[in-house]
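To start, the structure itself, in structure tokens.
Derivation of every value follows stated rules applied to the coordinates shown; laboratory data play no part. Since this is a predicted model, take the numbers as computed values, not measurements. Counting neighbours? That spans all protein chains shown, and the Cβs are built from the backbone with ideal geometry, glycine included.
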Ligand SMILES: [Ca+2]
Ligand SMILES: [Ca+2]
């Protein structure tokens, strides 16, 4: 049911289990997760309808599922002789924890102490999580011993860069952390290495996050004549010395577009948009940063930024007179209208081919992020060319308050200018908090 009381139906494809979903929980990853009755499968459904299913290796039936504060899902299961608790990462990797003989684990929940508690026959069991969770990643943000790079916050082909992960201690005591790097890899056609494969975080206080300070990793990638992939990600594995699960860090390799050089002001934003699958560029290895963005394209950009790469809206039904159901943009535009982000351009039309103005962009961004009922505080008159009486003023000023834009220079915002694709990269990346590197 929606806030207005409207019912929507999401059929769940069940390719493997053939069983009915029973319990449903909100996952830490923003998806819905299901336990299936009499099955060893769990299901994952995105709010946009993308479905996947994962199985635990042992047992005959999963009894319960719950979200952990470690960002994973936890399940209990048995074969009616032995019992297990399983950890399922949002990507579907399963680790199982066998319980003592005769266990029959049932209901599971995250306790007030952050541990996972579960009913187990006449007993109660507890699994303490952590202590460490991967929290963040800085790549080429500083120079270090043995590095050779332009220190622009992005790994480019041919560079050896400082790689600085950070981890959170979710336990109630300080714990010392070291990390061991291994398996530098990436698509065939380039070489990858970890010249410095050891990190030391020192002691991390309870409930805090820290990076590896002065003892981090260095990573290098070669500069082949041909990129092994248009969207090129390298990676390496970091294994914490504490026994916490290893983390595979993904290292996007930049210089993706011929027409956006690593020194350009919008460079890191464009790379971030590309890495998140929001756009593939304009063809022939270019991004066309100076081109205008039209309202049809904008609908796709907004919703993928908000919902992620796998998002697909429901089929179009024909809401706007100038956007037939056959238009590839129709379902995206209609989803924006359904969410209250836009009512079109008047007269029952949406004007999909019109360029998006900077004023419209402010409303699009904030309502897509916050929902159709959102309204910013009243305007005070921040920009010379956007008086407080302008209906767009409060939206534009809220965008400035959030640090998304500082205007177009000289104290102005240029509300009637078209949004270029370069500017769009900055707007989307900043508004939706898109990451180039991180967990
Ligand atoms: Ca760099
Ligand atoms: Ca080191």
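Remark: relative contact order (segment 21-127) = 18 percent; criterion is Cα-Cα distance under 8 angstrom and separation of 6 or more residues.
Compared with the dominant Cα axis of the chain, that is its longest principal axis, helix 358-370 is turned about 20°. Each of 305, 148 has some number of other Cβ atoms within 10 Å of its Cβ, and from fewest to most they run 148, 305. Note on residue 124 and residue 8: the model spin-label points, each 7 Å out from Cα along the C-beta direction, lie 3.8 nm apart. Residues within the reach of a label modelled at residue 237 (point 7 angstrom out along Cα to beta-carbon, backbone nitrogen below 12 Å), restricted to segment 60-96: there are none. With the simple model of a label 7 Å out from the Cα in the direction of the Cβ, residue 79 to residue 321 spans 6.7 nm.
When a footprinting reagent is the concern and you count Cβ atoms within 10 Å, what order do 155, 373 take, fewest first? Walk me through the numbers on the way to the answer.
Numbers: 155 27, 373 9.
The fewest-first ordering by Cβ neighbours comes to 373, 155.
Using Cα pairs closer than 8 Å and at least 6 residues apart in sequence, work out the relative contact order for segment 262-344, in percent.
On the way: 60 pairs, mean separation 18.4, N = 83.
Relative contact order comes out at 22 percent.
Rounded, prolate or oblate: pick one for segment 375-426, where a ≥ b ≥ c are the square roots of the eigenvalues of its C-alpha gyration tensor, a/c under 1.5 means rounded, and failing that, prolate if a/b is larger than b/c, else oblate. Here segment 375-426 falls in the prolate category. Of 203, 183, 389, the sequence from fewest to most neighbouring Cβ atoms within 10 angstrom is 389, 203, 183.
Please state the relative contact order of the chain as a whole percent: Cα pairs under 8 Å, 6+ residues apart? Walk me through the numbers on the way to the answer.
Numbers: 979 pairs, mean separation 42.0, N = 439.
Relative CO of the chain lands at 10 percent.
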